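Worksheet for the structure shown next.
Please treat every number below as a calculation from the coordinates, not as lab data. These figures come from a predicted structure and were not determined experimentally. No Cβ is skipped: glycine too gets one built from the backbone with ideal geometry, and neighbour counts run over all protein chains shown.
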Amino acid sequence: MSESNGDEQPGTSQALIQEAPATSTEEALRESHAARARSAYDRSTAACRYAGVGEDQARLVPIGPASRAANAVRLSSEGIAAFAESAPDPAADARRARNAAAAAVLAAQVAQSHGAGELSDAAYHSALKASLAAGVAAGREGMGRSEALNAEADAAEAAAVAGAKTAGWM
């Protein structure tokens, strides 16, 4: 424990000094989760565009695969907007990234049905893996803070982007 010279001002205790790294860590985590969420959103919109699914097909009560995908993209967009409207919270931020990845799976499913073949199948499976990895990173074990789980989710997202590009969706 460090010695105090008695000149410390109220509110400058060691505990407050230690909060600064936590805040910057939370901000760094937010940036990582937000980047992953935006990437998944971009995959979703590209897959929907590839399949001919427009925003106007979103329904509060989806009636088929296209409206489910369009609605998921809409909800994903709202989740991404929430990053700017709230304070960094690794658990909530990871859930937003997870939700965007789940939306991308719905969009990939629709795109897969329009581009049957090995490349579309591979792109769908990599979207599914990205969603699962994002779910694990957001889950109870990591709560959005685990470096290892976030790295796995980032890698899975990068693979999903590569798969979508290879399939011609992006």
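Name the shape class, rounded, prolate or oblate, that the alpha-carbon gyration tensor gives for the stretch 31-166, where a ≥ b ≥ c are the square roots of its eigenvalues, rounded holds for a/c under 1.5, and otherwise prolate holds if a/b is larger than b/c and oblate otherwise. Oblate.
In what sequence do Thr166, Thr23, Thr45 fall when counting other Cβ within 10 Å, fewest first?
Values: Thr166 15, Thr23 11, Thr45 21.
By the 10 Å Cβ count, ascending, the order reads Thr23, Thr166, Thr45.
Taking the Cα centre of the chain as origin, sum charge times position over the Cβ atoms of Lys and Arg (+1) and Asp and Glu (-1), and report the length of that vector in debye to the nearest 20. Before the final figure, lay out the partial values.
Numbers: 15 positive and 21 negative charges, 220 e Å.
I would put it at about 1060 debye.
For the chain, the residue among Ala123, Ser146, Ala133 whose Cα projects farthest onto the positive side of the dipole built from Cβ charges is Ala123.
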